[in-house]
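Below you'll find the structure, written out as structure tokens, and then a few comments.
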Amino acid sequence: MTKPVHILAISGSTRQQSTNQVLIDIIADRFADAVQVVHYEGLAQLPHFNPDLDGDAPPAAVVDFRDRVHAADGVLICTPEYAMGVPGTLKNAIDWVVGSMEFSGKPVALITAASMGEQAHQSLVRTLLVIEASMPESSRLLIPFVKAKVRDGVIVDETTNGQVNAVVESLIAAIR
């Protein structure tokens, strides 16, 4: 039997029961035989990015985040779109790893699940590619009108169900 891959899951929403957290939970359950999903819960505790703090001794929360990204076989980001853009806490986390290069060559899957989502999705794809994340088209998914597709902890739309499976399978393949 193949050893499960370690995936660090980051929800771009800080809400406890956000739809994006629900998607991460669904993925963790569905792929439990192949994947160990560890949810990063420190997004809201990261200080505002400040290059002056990013020297030899960055804040402990930043060191912890960088260590978790580095240790993971791959990263799964599930995020909403806020005001036509990337949620500030998620962008802040990514800003903290630009100079330290933890995403360079790291397999990443991006799921943007929102009312619309196009703007945040495009922006995140560009940002992640700039910081050299390994993210083929098959590891990217935009789920617009997500509230009609994910309800009560279940993906109720069959097309979306298949797309989520395909994205996670792409991430696993990239890792292996």
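The values are calculated or read from the model by the stated rules, or taken from the named source; none is laboratory data. Since this is a predicted model, take the numbers as computed values, not measurements. Counting neighbours? That spans all protein chains shown, and the Cβs are built from the backbone with ideal geometry, glycine included. The protein model used for the area step is the full one, side chains on, heavy atoms only, and it has no ligands, DNA or RNA in it. Shrake-Rupley method; radii C 1.70, N 1.55, O 1.52, S 1.80 Å.
What number comes out for the charge environment of SER123, summing +1 per Lys or Arg and -1 per Asp or Glu over other residues with Cβ under 12 Å away? Numbers along the way, then the final one.
Numbers: positive: LYS91, ARG126; negative: GLU81, GLU118.
Local charge sum for SER123: 0.
Among the trypsin sites (Lys or Arg not before Pro) in region 1-67, which ones are in a DSSP loop with at most 11 other Cβ atoms within 10 Å of the Cβ? Mind listing them? The partial results should precede the final answer.
Numbers: sites: ARG15, ARG30, ARG66; in loops: ARG15.
Those that pass, being in a loop and sparsely packed, are ARG15.
In the chain, what % of DSSP beta bridges are antiparallel (nearest 5)? Don't skip to the end; give the middle numbers.
Working: 3 of 23 bridges.
Percent antiparallel among DSSP bridges in the chain is about 15.
Quick check: residue separation of SER123 and VAL38 times 0.36 nm, minus the Cα distance between them. What number comes out in nm? All intermediate terms of the calculation are to be shown ahead of the outcome.
Values: separation 85, 0.36 × 85 = 30.60 nm, distance 2.48 nm.
Between SER123 and VAL38, full extension yields 28.1 nm more.
I want to make sure I understand the PRE zone here: with the label point 7 angstrom from the Cα of THR2 toward its beta carbon, which residues in region 122-141 have backbone N atoms less than 15 Å away?
none
Tell me which residues come under 5 Å, amide H to amide H, from ALA114 once H is placed; ignore anything under 5 positions away on its chain.
ILE143, PHE145, VAL146
Show the residues, 5+ positions off or on another chain, whose built amide H is closer than 5 Å to the amide H of SER134.
Placed amide hydrogens put GLY105, LYS106, VAL108 under 5 Å from SER134.
Give me a comma-separated list of calculated 3J(HN,Hα) values for region 48-58, in order, Karplus coefficients 6.51, -1.76, 1.60 applied at θ = phi - 60°, integers in Hz, x for any Gly or Pro.
4, 4, 8, x, 5, 8, 9, x, 5, 9, x
Sort largest first and round to whole Å: the equivalent ellipsoid semi-axes of region 81-125, each the square root of five times a Cα gyration tensor eigenvalue. Walk me through the intermediate numbers first.
Details: eigenvalues 87, 31, 10 Å².
They are 21, 12, 7 Å, listed from largest to smallest.
With all protein chains present, how much of the accessible area of the chain (probe radius 1.4 Å) comes from carbon and sulfur, to the nearest whole percent? Before the final figure, lay out the partial values.
On the way: 4400 of 8520 Å².
Using a 1.4 Å probe with all protein chains present, the chain comes out at 52 percent carbon and sulfur.
What is the extension gain from VAL156 to VAL63, computed as 0.36 nm multiplied by their sequence separation minus the C-alpha to C-alpha distance, in nm to one decimal?
Separation in residues times 0.36 nm, less the Cα-Cα distance, equals 29.6 nm.
Can you compute log10 of I(q)/I(0) for the chain with the Debye formula, treating each Cα as one identical point scatterer, at q = 0.09, 0.15 Å⁻¹?
For the chain at q = 0.09, 0.15 Å⁻¹, log10 I(q)/I(0) is -0.28, -0.80.
Counting Lys +1, Arg +1, Asp -1, Glu -1, what net charge surrounds ALA71 among other residues with beta carbon under 13 Å of its beta carbon? Could the numbers behind the result be given before it?
Numbers: positive: ARG66, ARG68, LYS106; negative: ASP64, ASP67, ASP73, GLU102.
Summing Lys and Arg as +1 and Asp and Glu as -1 gives -1.
Express the accessible area of the chain per residue in Å², computed with a 1.4 Å probe while the remaining protein chains stay in the model.
48 Å²
Under the rule of at least 5 residues apart or a separate chain, name every residue whose amide H is placed under 5 Å from the amide H of HIS39.
Residues meeting the amide H criterion: ALA9.
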